[in-house]
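*Asks:* My questions will all concern the structure given below.
The values are calculated or read from the model by the stated rules, or taken from the named source; none is laboratory data. Quick caveat, the model's predicted, so the values are computed rather than measured. Here Cβ is always computed from backbone atoms with ideal geometry, including for glycine, and neighbour counts include all displayed protein chains. Calculation scope for accessible area: heavy atoms of the full protein, side chains included, ligands and nucleic acids excluded. Shrake-Rupley method; radii C 1.70, N 1.55, O 1.52, S 1.80 Å.
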Amino acid sequence: MTTIKDIWLELDEMQVFEYSEALTQSKEELNILFESPNPLRFQSNIFTIIHRLKQILNFSSFRNISPKANLLIEQVEAIAKNKKKAIVFTQYDVNGMKKIEKALEMNNIKFAVGRNGVSTEELKQTLDGFYDRRDIAVFLTNLKPSRININLSKVPYVFNFDQWWNPVTQWQNDDEIGIQKLSTHL
């Protein structure tokens, strides 16, 4: 059984300010790009703008915590207390992996990390340690699910900390995971 929960949260005041500023700047950039005769230039820049805005939805660049991170910590604490495990996917490094790591550390939640660039053998060792150690509740990664063979009998909770801009990518990721328990999109 799969349960998917999409949770909508309010931004904190720093995120609201930063998002507003980034949106204003992005509109100015788009106006300049509209005047450009090169459609590829517009297309490549629009994705940069989307990613910039999406990262602010995770965290303000001025803070290491956010409403989204607070909810994740709350959920993960309950999972750890019940001796279960979770995997947390994020597509971003600074406003994803690094700040989630800090939030987990600040709340004394033990976790393992699988980063882009890690060798297949290192990833396997890290996952095996995560599965085997009862004290590690979270596997945090910015890897695509196809790179990870998740044992859902050992990891019943999957969190997508940030959504892909293209929902097809999200659906493919969920299919690759083979989610059978709970998937929470924050």
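*Asks:* In the stretch 95-120, what count of residues is obtained for those that are β-branched (Val, Ile, Thr) and loosely packed, with under 14 Cβ neighbours inside 10 Å?
*Replies:* The total comes to 1.
*Asks:* Mind checking which residues of the stretch 141-174 are in contact (Cβ under 8 Å) with a residue 60 or more places away in the chain and aromatic (Phe, Trp, Tyr)?
*Replies:* Passing the criteria: Tyr157, Phe159, Phe161, Trp164, Trp165.
*Asks:* Here is a list of conditions, (1) part of a helix (DSSP H, G or I); (2) open to solvent by 80 Å² or more (accessible area, probe 1.4 Å); (3) at pLDDT below 90, and Asn70 meets all of them except one; can you say which number that is?
*Replies:* All conditions pass for Asn70, except number (3).
*Asks:* Still on this structure, please answer the following. Would you pick out the residues in the stretch 89-121 that are assigned to a helix (DSSP H, G or I) and touching a Phe, Trp or Tyr at 6+ places or on another chain (Cβ under 8 Å)?
*Replies:* Asn95, Gly96, Lys99, Ile100, Glu101, Leu104
*Asks:* Right, next: Can you tell me which residues in the stretch 129-143 are open to solvent by 70 Å² or more (accessible area, probe 1.4 Å) and not acidic (Asp, Glu)?
*Replies:* Within the stretch 129-143, Arg133, Arg134 meet the criteria.
*Asks:* Filter the stretch 144-168 down to the residues that are buried (at least 17 other Cβ atoms within 10 Å of the Cβ) and either more than 19 Å from Glu74 (Cβ to Cβ) or not polar (S, T, N, Q) (or both) and list them by number.
*Replies:* Within the stretch 144-168, Pro145, Ile148, Ile150, Val155, Tyr157, Val158, Phe159, Phe161, Asp162 meet the criteria.
*Asks:* Can you name the condition, by its number, that Arg52 falls short on among (1) within 30 Å of Asn108 (Cα to Cα); (2) free of Cβ contacts under 8 Å to residues at least 40 places away in the same chain; (3) among the charged types (D, E, K, R); (4) surrounded by fewer than 14 Cβ atoms within 10 Å (Cβ to Cβ)?
*Replies:* Only one criterion is unmet by Arg52, namely (4).
*Asks:* Looking at Ile50, Ile87 in this structure, which one is out of contact with any strand residue (DSSP E or B) (no Cβ under 6 Å at 6 or more places or on another chain), closer than 18 Å to Asn142 by Cβ and of a type outside the set (Phe, Trp, Tyr)?
*Replies:* Ile50
*Asks:* Determine which single condition Thr126 fails, assuming it passes every other condition in (1) part of a loop (DSSP other than H, G, I, E, B); (2) open to solvent by 30 Å² or more (accessible area, probe 1.4 Å).
*Replies:* It is condition (1) that Thr126 fails.
*Asks:* Only one of Val94, Val168, Val118, Val88 is of a type outside the set (Phe, Trp, Tyr), over 16 Å from the mean Cα position of the chain (by Cα) and within 29 Å of Ile46 (Cβ to Cβ). Can you tell me which?
*Replies:* None of the other options fit; the residue is Val168.
*Asks:* Answer yes if at least one residue in the stretch 3-22 is part of a helix (DSSP H, G or I), over 19 Å from Ile100 (Cα atoms), over 21 Å from the mean Cα position of the chain (by Cα) and modelled with pLDDT under 90, and no otherwise.
*Replies:* no
*Asks:* What pairs can you find where one residue is in the stretch 108-135 and over 21 Å from Tyr92 (Cα atoms), the other is open to solvent by 100 Å² or more (accessible area, probe 1.4 Å) and in a loop (DSSP other than H, G, I, E, B), and their Cβ atoms are less than 7 Å apart, with a gap of 6+ or different chains?
*Replies:* Going by the 7 Å Cβ cut-off, the qualifying pairs are Arg134/Lys83; Asp135/Lys110.
*Asks:* What's the number of the condition Asp135 fails, among (1) of a type in the set (D, E, K, R); (2) modelled with pLDDT of 90 or more; (3) assigned to a helix (DSSP H, G or I)?
*Replies:* (3)
*Asks:* Now a separate question. Counting only residues that are in a helix (DSSP H, G or I) and more than 21 Å from Gln163 (Cβ to Cβ), how many does the stretch 23-43 have?
*Replies:* Residues meeting the conditions: 14.
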